[in-house]
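The values are calculated or read from the model by the stated rules, or taken from the named source; none is laboratory data. Bear in mind the structure is a predicted one, so any value in this text is a computation, not a measurement. A quick note on method: Cβ atoms are made from the backbone with ideal geometry, for glycine too, and the neighbour counts reach across all protein chains shown.
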Amino acid sequence: MRRLWPTGGLWRHGDFLKLWAGETISQFGSTIDDIAFPLVAILVLDASAFEVAVLGTVLFLPFILFTLPAGVWVDRLPRRPVLIIGDFGRAALYATVPIAYVADVLTLWQLYVVGFLVGAFQVFFDVAYQSYLPSLVARDQIIEGNSKFEISRSAAQISGPGLGGILVEILTAPYAVLVDAFSFLASGLFILRIRKPEERPERATNVDGTRTSFWQDIKEGLGFVLGNPNLRAQAGCTGTSNFFFSVGFAIYLVFAVRELGLSPGLIGVVFSVGAVGSLVAAFTAMRLSRRFGIGPTTIAVTLLQAPAFLAVAFAPEGNDALPFLIVSQLVLGFALVTYNIVQVSYRQAICPARLQGRMNSAMRFIVWGTIPLGTLTGGALASWVGLRETIAIGAIGSGVSFLWILLSPQRHLREMPEPVDDTAATTEPVTA
(Lines give C-alpha, C1' and ligand atoms only; values in the text may rest on other atoms or scores of the structure.)
Protein backbone atom coordinates (compact mmCIF):
# COMPACT_ATOMS: atom_id res chain seq x y z
CA MET A 1 0.00 0.00 0.00
CA ARG A 2 1.39 3.40 -0.96
CA ARG A 3 2.31 5.66 1.94
CA LEU A 4 0.47 8.98 2.08
CA TRP A 5 3.08 10.61 4.36
CA PRO A 6 6.63 11.16 3.02
CA THR A 7 9.27 9.14 4.84
CA GLY A 8 12.51 10.86 3.85
CA GLY A 9 14.46 13.68 5.47
CA LEU A 10 12.73 15.79 8.10
CA TRP A 11 9.29 14.33 7.39
CA ARG A 12 10.01 11.73 10.10
CA HIS A 13 11.44 14.25 12.58
CA GLY A 14 8.59 14.75 15.05
CA ASP A 15 10.01 17.72 16.92
CA PHE A 16 10.89 19.57 13.72
CA LEU A 17 7.36 18.96 12.44
CA LYS A 18 5.96 20.61 15.59
CA LEU A 19 8.22 23.62 15.11
CA TRP A 20 7.28 23.74 11.43
CA ALA A 21 3.55 23.44 12.17
CA GLY A 22 3.68 26.30 14.66
CA GLU A 23 5.69 28.48 12.30
CA THR A 24 3.30 27.70 9.43
CA ILE A 25 0.25 28.78 11.42
CA SER A 26 1.89 31.99 12.62
CA GLN A 27 3.06 32.77 9.07
CA PHE A 28 -0.53 32.59 7.81
CA GLY A 29 -1.62 34.93 10.59
CA SER A 30 1.26 37.31 9.95
CA THR A 31 0.55 37.63 6.24
CA ILE A 32 -3.02 38.60 7.10
CA ASP A 33 -1.68 41.11 9.62
CA ASP A 34 0.77 42.60 7.09
CA ILE A 35 -2.33 43.87 5.32
CA ALA A 36 -4.64 44.42 8.30
CA PHE A 37 -2.40 46.22 10.81
CA PRO A 38 -1.38 49.18 8.59
CA LEU A 39 -4.92 49.33 7.18
CA VAL A 40 -6.17 49.96 10.71
CA ALA A 41 -4.13 53.16 10.58
CA ILE A 42 -5.07 54.02 6.99
CA LEU A 43 -8.81 53.19 6.96
CA VAL A 44 -9.90 53.42 10.60
CA LEU A 45 -7.66 56.21 11.92
CA ASP A 46 -7.13 58.06 8.59
CA ALA A 47 -3.35 58.25 9.11
CA SER A 48 -1.15 60.22 6.71
CA ALA A 49 1.59 58.63 4.58
CA PHE A 50 4.23 59.77 7.08
CA GLU A 51 2.24 58.42 10.06
CA VAL A 52 1.92 55.05 8.32
CA ALA A 53 5.67 55.07 7.66
CA VAL A 54 6.27 55.79 11.36
CA LEU A 55 4.18 52.71 12.19
CA GLY A 56 6.54 50.64 10.06
CA THR A 57 9.47 52.29 11.80
CA VAL A 58 8.36 51.42 15.34
CA LEU A 59 7.82 47.80 14.28
CA PHE A 60 11.49 47.50 13.34
CA LEU A 61 13.06 49.97 15.76
CA PRO A 62 13.62 47.18 18.35
CA PHE A 63 16.02 45.53 15.91
CA ILE A 64 18.36 48.49 16.47
CA LEU A 65 17.79 48.70 20.22
CA PHE A 66 17.58 45.09 21.39
CA THR A 67 19.06 42.73 18.81
CA LEU A 68 22.66 42.62 20.08
CA PRO A 69 21.66 42.08 23.74
CA ALA A 70 19.13 39.46 22.59
CA GLY A 71 21.94 37.49 20.94
CA VAL A 72 23.88 37.34 24.20
CA TRP A 73 20.86 36.19 26.21
CA VAL A 74 19.89 33.61 23.58
CA ASP A 75 23.41 32.15 23.77
CA ARG A 76 23.15 31.97 27.57
CA LEU A 77 19.59 30.63 27.93
CA PRO A 78 17.61 27.68 26.54
CA ARG A 79 16.11 28.84 23.26
CA ARG A 80 12.75 27.04 23.26
CA PRO A 81 11.30 29.04 26.20
CA VAL A 82 12.31 32.25 24.42
CA LEU A 83 10.31 31.13 21.37
CA ILE A 84 7.25 30.29 23.48
CA ILE A 85 7.29 33.62 25.35
CA GLY A 86 7.76 35.46 22.05
CA ASP A 87 4.67 33.82 20.55
CA PHE A 88 2.41 34.27 23.58
CA GLY A 89 3.56 37.88 24.07
CA ARG A 90 2.72 38.87 20.50
CA ALA A 91 -0.66 37.13 20.73
CA ALA A 92 -1.60 39.18 23.79
CA LEU A 93 -0.44 42.47 22.26
CA TYR A 94 -2.33 42.07 18.99
CA ALA A 95 -5.49 41.11 20.88
CA THR A 96 -5.56 44.60 22.44
CA VAL A 97 -6.28 46.22 19.06
CA PRO A 98 -9.81 44.83 18.48
CA ILE A 99 -10.55 45.22 22.21
CA ALA A 100 -9.71 48.95 22.06
CA TYR A 101 -11.68 49.28 18.80
CA VAL A 102 -14.80 47.80 20.41
CA ALA A 103 -14.37 50.13 23.39
CA ASP A 104 -13.99 53.08 20.97
CA VAL A 105 -10.63 54.07 22.48
CA LEU A 106 -8.31 52.93 19.67
CA THR A 107 -5.68 55.53 18.76
CA LEU A 108 -2.64 55.77 16.52
CA TRP A 109 -0.47 55.95 19.63
CA GLN A 110 -1.77 52.56 20.76
CA LEU A 111 -0.78 51.11 17.39
CA TYR A 112 2.70 52.58 17.83
CA VAL A 113 3.06 51.03 21.30
CA VAL A 114 1.72 47.66 20.16
CA GLY A 115 3.98 47.74 17.09
CA PHE A 116 7.06 48.56 19.17
CA LEU A 117 6.41 45.84 21.77
CA VAL A 118 5.55 43.27 19.09
CA GLY A 119 8.84 44.17 17.42
CA ALA A 120 10.69 43.64 20.71
CA PHE A 121 9.20 40.16 21.14
CA GLN A 122 9.98 39.42 17.50
CA VAL A 123 13.64 40.34 18.00
CA PHE A 124 14.08 37.68 20.66
CA PHE A 125 11.95 35.16 18.76
CA ASP A 126 13.86 35.56 15.50
CA VAL A 127 17.31 35.33 17.08
CA ALA A 128 16.30 32.28 19.13
CA TYR A 129 14.48 30.66 16.19
CA GLN A 130 17.41 30.86 13.78
CA SER A 131 19.74 29.64 16.54
CA TYR A 132 17.40 26.82 17.61
CA LEU A 133 17.07 25.08 14.23
CA PRO A 134 20.74 23.92 14.02
CA SER A 135 20.38 22.37 17.49
CA LEU A 136 17.13 20.61 16.57
CA VAL A 137 18.19 19.01 13.25
CA ALA A 138 21.41 17.60 11.81
CA ARG A 139 23.79 19.95 10.02
CA ASP A 140 23.09 18.36 6.61
CA GLN A 141 19.35 18.99 7.16
CA ILE A 142 19.61 22.75 7.74
CA ILE A 143 18.92 23.75 4.12
CA GLU A 144 15.99 21.30 4.00
CA GLY A 145 14.62 22.80 7.21
CA ASN A 146 14.93 26.37 5.95
CA SER A 147 13.38 25.37 2.63
CA LYS A 148 10.36 23.87 4.41
CA PHE A 149 9.97 27.05 6.45
CA GLU A 150 10.07 29.08 3.23
CA ILE A 151 7.49 26.77 1.63
CA SER A 152 5.17 27.57 4.52
CA ARG A 153 5.88 31.28 4.30
CA SER A 154 5.32 31.25 0.54
CA ALA A 155 2.07 29.28 0.86
CA ALA A 156 0.94 31.75 3.52
CA GLN A 157 1.79 34.66 1.24
CA ILE A 158 -0.34 33.13 -1.50
CA SER A 159 -3.51 32.81 0.56
CA GLY A 160 -2.91 35.09 3.55
CA PRO A 161 -2.99 38.56 1.93
CA GLY A 162 -6.06 37.73 -0.13
CA LEU A 163 -7.82 36.40 2.93
CA GLY A 164 -6.60 39.43 4.89
CA GLY A 165 -8.05 41.82 2.32
CA ILE A 166 -11.38 39.99 2.40
CA LEU A 167 -11.43 39.97 6.21
CA VAL A 168 -10.74 43.70 6.29
CA GLU A 169 -13.63 44.37 3.91
CA ILE A 170 -16.04 42.03 5.75
CA LEU A 171 -15.01 42.37 9.40
CA THR A 172 -12.98 45.64 9.36
CA ALA A 173 -9.23 45.80 9.91
CA PRO A 174 -9.12 45.57 13.75
CA TYR A 175 -10.95 42.22 13.77
CA ALA A 176 -8.62 40.90 11.06
CA VAL A 177 -5.69 41.66 13.41
CA LEU A 178 -7.29 39.28 15.93
CA VAL A 179 -6.63 36.38 13.52
CA ASP A 180 -2.90 37.02 13.86
CA ALA A 181 -3.21 36.98 17.65
CA PHE A 182 -4.73 33.49 17.51
CA SER A 183 -2.03 32.31 15.10
CA PHE A 184 0.75 33.26 17.53
CA LEU A 185 -1.10 31.50 20.34
CA ALA A 186 -1.29 28.31 18.25
CA SER A 187 2.39 28.56 17.32
CA GLY A 188 3.41 28.82 20.97
CA LEU A 189 1.34 25.74 21.87
CA PHE A 190 3.03 23.66 19.15
CA ILE A 191 6.53 24.69 20.27
CA LEU A 192 5.51 23.90 23.85
CA ARG A 193 5.03 20.27 22.75
CA ILE A 194 8.58 19.79 21.44
CA ARG A 195 10.24 17.06 23.48
CA LYS A 196 13.90 17.00 22.42
CA PRO A 197 16.09 18.03 25.39
CA GLU A 198 17.94 21.25 24.72
CA GLU A 199 21.50 21.53 25.93
CA ARG A 200 22.22 24.73 27.78
CA PRO A 201 24.61 26.81 25.63
CA GLU A 202 28.22 26.75 26.83
CA ARG A 203 29.35 30.06 28.31
CA ALA A 204 32.56 31.57 26.96
CA THR A 205 35.40 32.12 29.42
CA ASN A 206 38.47 34.33 29.62
CA VAL A 207 41.98 32.90 29.68
CA ASP A 208 41.98 33.22 33.47
CA GLY A 209 38.89 31.01 33.75
CA THR A 210 36.41 33.78 34.56
CA ARG A 211 33.23 34.12 32.54
CA THR A 212 33.12 36.71 29.82
CA SER A 213 31.16 39.90 30.37
CA PHE A 214 28.00 40.95 28.57
CA TRP A 215 29.91 43.42 26.38
CA GLN A 216 32.64 40.90 25.59
CA ASP A 217 29.98 38.51 24.30
CA ILE A 218 28.46 41.22 22.11
CA LYS A 219 31.92 42.10 20.79
CA GLU A 220 32.66 38.46 19.96
CA GLY A 221 29.42 38.07 17.97
CA LEU A 222 30.03 41.25 15.99
CA GLY A 223 33.65 40.27 15.48
CA PHE A 224 32.65 36.88 14.05
CA VAL A 225 30.37 38.50 11.47
CA LEU A 226 32.54 41.48 10.54
CA GLY A 227 35.73 39.43 10.59
CA ASN A 228 34.45 36.93 8.03
CA PRO A 229 34.59 38.48 4.53
CA ASN A 230 31.65 36.43 3.26
CA LEU A 231 29.41 37.24 6.21
CA ARG A 232 30.50 40.88 6.02
CA ALA A 233 29.47 41.00 2.35
CA GLN A 234 26.19 39.28 3.12
CA ALA A 235 25.43 41.81 5.86
CA GLY A 236 26.26 44.72 3.56
CA CYS A 237 24.18 43.37 0.68
CA THR A 238 21.13 42.57 2.80
CA GLY A 239 21.35 45.78 4.82
CA THR A 240 21.57 47.94 1.69
CA SER A 241 18.71 46.08 0.03
CA ASN A 242 16.51 46.28 3.14
CA PHE A 243 17.10 50.02 3.52
CA PHE A 244 16.02 50.90 -0.01
CA PHE A 245 13.16 48.42 -0.13
CA SER A 246 11.88 49.92 3.13
CA VAL A 247 11.99 53.37 1.53
CA GLY A 248 9.47 52.16 -1.05
CA PHE A 249 7.44 49.64 0.92
CA ALA A 250 6.89 52.08 3.79
CA ILE A 251 4.29 53.85 1.65
CA TYR A 252 3.33 50.95 -0.68
CA LEU A 253 -0.15 50.44 0.79
CA VAL A 254 -0.83 54.18 0.92
CA PHE A 255 0.20 54.38 -2.75
CA ALA A 256 -2.02 51.42 -3.70
CA VAL A 257 -5.10 52.75 -1.85
CA ARG A 258 -4.90 56.49 -2.44
CA GLU A 259 -3.08 56.89 -5.77
CA LEU A 260 -3.91 53.68 -7.64
CA GLY A 261 -7.42 53.46 -6.13
CA LEU A 262 -7.28 49.75 -5.26
CA SER A 263 -9.52 48.15 -2.63
CA PRO A 264 -8.11 46.07 0.26
CA GLY A 265 -9.41 42.92 -1.46
CA LEU A 266 -7.55 43.66 -4.71
CA ILE A 267 -4.38 44.54 -2.83
CA GLY A 268 -4.62 41.19 -1.08
CA VAL A 269 -5.03 39.45 -4.43
CA VAL A 270 -1.87 41.14 -5.73
CA PHE A 271 0.21 39.85 -2.83
CA SER A 272 -1.42 36.40 -2.96
CA VAL A 273 -0.86 35.82 -6.68
CA GLY A 274 2.60 37.34 -6.53
CA ALA A 275 3.58 34.95 -3.74
CA VAL A 276 3.58 32.08 -6.23
CA GLY A 277 7.11 33.25 -7.05
CA SER A 278 8.07 32.72 -3.41
CA LEU A 279 6.66 29.20 -3.46
CA VAL A 280 8.62 28.34 -6.62
CA ALA A 281 11.78 29.64 -4.95
CA ALA A 282 11.15 27.58 -1.82
CA PHE A 283 11.10 24.40 -3.91
CA THR A 284 14.02 25.30 -6.21
CA ALA A 285 16.50 27.34 -4.13
CA MET A 286 18.44 24.30 -2.93
CA ARG A 287 18.73 22.93 -6.47
CA LEU A 288 19.78 26.30 -7.88
CA SER A 289 22.50 26.78 -5.28
CA ARG A 290 23.84 23.29 -5.94
CA ARG A 291 23.70 23.73 -9.71
CA PHE A 292 25.20 27.22 -10.00
CA GLY A 293 26.89 27.73 -6.64
CA ILE A 294 26.08 29.84 -3.60
CA GLY A 295 27.85 33.00 -4.81
CA PRO A 296 26.57 33.10 -8.42
CA THR A 297 23.00 32.26 -7.32
CA THR A 298 23.05 35.07 -4.77
CA ILE A 299 24.31 37.63 -7.30
CA ALA A 300 21.77 36.59 -9.94
CA VAL A 301 18.68 36.83 -7.73
CA THR A 302 19.88 40.12 -6.20
CA LEU A 303 20.12 41.63 -9.68
CA LEU A 304 16.44 40.78 -10.29
CA GLN A 305 15.16 42.83 -7.37
CA ALA A 306 15.56 46.40 -8.62
CA PRO A 307 13.78 46.09 -12.02
CA ALA A 308 10.99 44.09 -10.41
CA PHE A 309 10.32 46.75 -7.78
CA LEU A 310 10.63 49.54 -10.36
CA ALA A 311 7.56 48.10 -12.14
CA VAL A 312 5.43 49.31 -9.21
CA ALA A 313 6.49 52.91 -9.78
CA PHE A 314 5.33 52.72 -13.42
CA ALA A 315 1.93 51.16 -12.63
CA PRO A 316 -1.06 53.12 -14.06
CA GLU A 317 -4.08 54.04 -11.95
CA GLY A 318 -7.05 51.73 -11.41
CA ASN A 319 -7.30 48.04 -12.23
CA ASP A 320 -4.80 48.49 -15.08
CA ALA A 321 -2.15 48.55 -12.34
CA LEU A 322 -2.77 44.92 -11.40
CA PRO A 323 -0.48 43.28 -14.04
CA PHE A 324 2.40 45.59 -13.06
CA LEU A 325 2.00 44.87 -9.35
CA ILE A 326 1.52 41.12 -9.80
CA VAL A 327 4.59 40.69 -12.04
CA SER A 328 6.59 42.76 -9.57
CA GLN A 329 5.52 40.55 -6.66
CA LEU A 330 6.18 37.34 -8.61
CA VAL A 331 9.76 38.28 -9.41
CA LEU A 332 10.47 39.84 -6.01
CA GLY A 333 9.06 36.81 -4.22
CA PHE A 334 11.25 34.42 -6.18
CA ALA A 335 14.39 36.54 -5.80
CA LEU A 336 14.03 37.35 -2.10
CA VAL A 337 13.13 33.84 -0.96
CA THR A 338 15.95 32.25 -2.96
CA TYR A 339 18.36 34.76 -1.46
CA ASN A 340 17.10 34.14 2.08
CA ILE A 341 17.28 30.34 1.90
CA VAL A 342 20.80 30.31 0.49
CA GLN A 343 22.25 33.02 2.73
CA VAL A 344 20.59 32.01 6.02
CA SER A 345 21.57 28.38 5.49
CA TYR A 346 25.14 29.43 4.73
CA ARG A 347 25.62 31.40 7.91
CA GLN A 348 23.92 28.76 10.07
CA ALA A 349 26.17 26.07 8.61
CA ILE A 350 29.51 27.81 9.18
CA CYS A 351 28.84 29.21 12.65
CA PRO A 352 29.94 27.33 15.81
CA ALA A 353 27.01 26.30 18.02
CA ARG A 354 28.04 28.51 20.94
CA LEU A 355 27.98 31.61 18.70
CA GLN A 356 24.70 30.98 16.85
CA GLY A 357 22.68 33.45 18.92
CA ARG A 358 25.22 36.24 18.78
CA MET A 359 25.99 35.65 15.09
CA ASN A 360 22.28 35.81 14.22
CA SER A 361 21.74 38.85 16.43
CA ALA A 362 24.71 40.67 14.86
CA MET A 363 23.34 39.93 11.40
CA ARG A 364 19.84 41.00 12.43
CA PHE A 365 21.18 44.19 13.98
CA ILE A 366 22.92 45.13 10.74
CA VAL A 367 20.43 43.97 8.11
CA TRP A 368 17.14 44.73 9.93
CA GLY A 369 18.52 47.78 11.70
CA THR A 370 18.47 49.58 8.34
CA ILE A 371 14.72 48.99 7.96
CA PRO A 372 13.42 51.67 10.39
CA LEU A 373 15.87 54.13 8.86
CA GLY A 374 14.46 53.26 5.44
CA THR A 375 10.82 53.57 6.51
CA LEU A 376 11.39 57.00 8.04
CA THR A 377 13.24 58.08 4.91
CA GLY A 378 10.38 56.75 2.78
CA GLY A 379 7.78 58.65 4.79
CA ALA A 380 9.77 61.88 4.53
CA LEU A 381 10.41 61.45 0.81
CA ALA A 382 6.74 60.70 0.15
CA SER A 383 5.79 64.01 1.77
CA TRP A 384 8.51 65.82 -0.16
CA VAL A 385 8.65 64.34 -3.69
CA GLY A 386 5.51 62.14 -3.85
CA LEU A 387 4.51 58.49 -3.46
CA ARG A 388 5.39 57.22 -6.94
CA GLU A 389 8.76 58.96 -6.95
CA THR A 390 9.64 57.52 -3.54
CA ILE A 391 8.99 53.97 -4.75
CA ALA A 392 11.22 54.62 -7.78
CA ILE A 393 14.04 55.87 -5.54
CA GLY A 394 13.76 52.74 -3.38
CA ALA A 395 13.86 50.47 -6.42
CA ILE A 396 16.88 52.17 -8.00
CA GLY A 397 18.77 52.27 -4.72
CA SER A 398 18.26 48.56 -4.11
CA GLY A 399 19.95 47.88 -7.44
CA VAL A 400 23.43 48.54 -6.01
CA SER A 401 23.21 45.93 -3.23
CA PHE A 402 24.61 43.09 -5.39
CA LEU A 403 28.00 44.84 -5.49
CA TRP A 404 28.73 43.69 -1.93
CA ILE A 405 28.69 40.03 -3.05
CA LEU A 406 30.31 40.70 -6.42
CA LEU A 407 33.30 42.38 -4.78
CA SER A 408 33.75 39.70 -2.08
CA PRO A 409 35.22 36.17 -2.08
CA GLN A 410 31.66 34.84 -1.91
CA ARG A 411 31.24 35.39 -5.64
CA HIS A 412 33.41 32.27 -6.17
CA LEU A 413 31.69 30.16 -3.49
CA ARG A 414 30.16 27.02 -4.99
CA GLU A 415 29.32 24.59 -2.17
CA MET A 416 28.24 24.88 1.45
CA PRO A 417 31.50 25.09 3.44
CA GLU A 418 32.38 23.30 6.66
CA PRO A 419 31.89 25.11 9.99
CA VAL A 420 34.50 27.69 10.90
CA ASP A 421 37.20 26.23 13.16
CA ASP A 422 36.21 27.46 16.60
CA THR A 423 39.63 27.65 18.19
CA ALA A 424 38.81 30.75 20.20
CA ALA A 425 37.22 28.98 23.17
CA THR A 426 38.57 31.65 25.45
CA THR A 427 39.04 35.35 25.11
CA GLU A 428 41.23 37.94 26.73
CA PRO A 429 39.57 40.22 29.28
CA VAL A 430 38.47 43.56 27.86
CA THR A 431 39.30 46.76 29.69
CA ALA A 432 37.58 50.06 29.27
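Against the conditions (1) buried (at least 19 other Cβ atoms within 10 Å of the Cβ); (2) modelled with pLDDT of 85 or more; (3) assigned to a helix (DSSP H, G or I), Ala47 satisfies every one except (3).
Considering only the range 374-390, state which residues are surrounded by 19 or more Cβ atoms within 10 Å (Cβ to Cβ) and of a type in the set (Val, Ile, Thr). Before the answer, list the steps.
Our first condition is that a residue be surrounded by 19 or more Cβ atoms within 10 Å (Cβ to Cβ); within the range 374-390, this holds for 374-379, 381-382, 387, 390.
Those that are surrounded by 19 or more Cβ atoms within 10 Å (Cβ to Cβ) and of a type in the set (Val, Ile, Thr): Thr375, Thr377, Thr390.
So for the range 35-44 (the condition being of a type outside the set (Asp, Glu), in a helix (DSSP H, G or I) and surrounded by fewer than 19 Cβ atoms within 10 Å (Cβ to Cβ)), does at least one residue qualify? Looking for residues that are of a type outside the set (Asp, Glu), in a helix (DSSP H, G or I) and surrounded by fewer than 19 Cβ atoms within 10 Å (Cβ to Cβ), one finds at least one in the range 35-44, hence yes. Would you mind stating whether Val58 is within 21 Å of Ala382 (Cα to Cα), touching a helix residue (DSSP H, G or I) at 6+ places or on another chain (Cβ under 9 Å) and surrounded by fewer than 24 Cβ atoms within 10 Å (Cβ to Cβ)? Spelling it out, Val58 is indeed within 21 Å of Ala382 (Cα to Cα), touching a helix residue (DSSP H, G or I) at 6+ places or on another chain (Cβ under 9 Å) and surrounded by fewer than 24 Cβ atoms within 10 Å (Cβ to Cβ). The set of residues from the range 220-244 being over 16 Å from Gln348 (Cα atoms) and of a type in the set (D, E, K, R) comprises just one member, Glu220. Of the candidates Val137, Val74, Val127, Val114, the single residue that is modelled with pLDDT of 80 or more, β-branched (Val, Ile, Thr), surrounded by 19 or more Cβ atoms within 10 Å (Cβ to Cβ) and in contact with a helix residue (DSSP H, G or I) (Cβ under 6 Å, 6 or more places away or on another chain) is Val114.
It is to be established whether one or more residues within the range 96-104 are outside any helix (DSSP H, G or I) and either free of Cβ contacts under 8 Å to residues at least 12 places away in the same chain or in contact with a strand residue (DSSP E or B) (Cβ under 7 Å, 6 or more places away or on another chain) (or both). Yes - at least one qualifying residue is present in the range 96-104.
Of everything in the range 331-368 that's surrounded by fewer than 20 Cβ atoms within 10 Å (Cβ to Cβ) and among the hydrophobic types (A, V, I, L, M, F, W, C), which residue is farthest from Val269 (Cα to Cα)? The qualifying residue farthest from Val269 (Cα to Cα) is Ala353. Cβ-Cβ under 6 Å, sequence separation 6+ or interchain: first residue in the range 184-211 and polar (S, T, N, Q) and part of a helix (DSSP H, G or I), partner surrounded by 18 or more Cβ atoms within 10 Å (Cβ to Cβ) and at pLDDT 65 or above. Which pairs? Listed by first residue and then by second, the contacts come to Ser187/Gly22; Ser187/Ile25; Ser187/Ser26; Ser187/Asp87. Of all residues in the range 297-330 being without any contact (Cβ under 8 Å) to a residue 60 or more places away in the chain and polar (S, T, N, Q), which is surrounded by the most Cβ atoms within 10 Å (Cβ to Cβ)? Filtering the range 297-330 for residues that are without any contact (Cβ under 8 Å) to a residue 60 or more places away in the chain and polar (S, T, N, Q), the one surrounded by the most Cβ atoms within 10 Å (Cβ to Cβ) comes out as Gln329.
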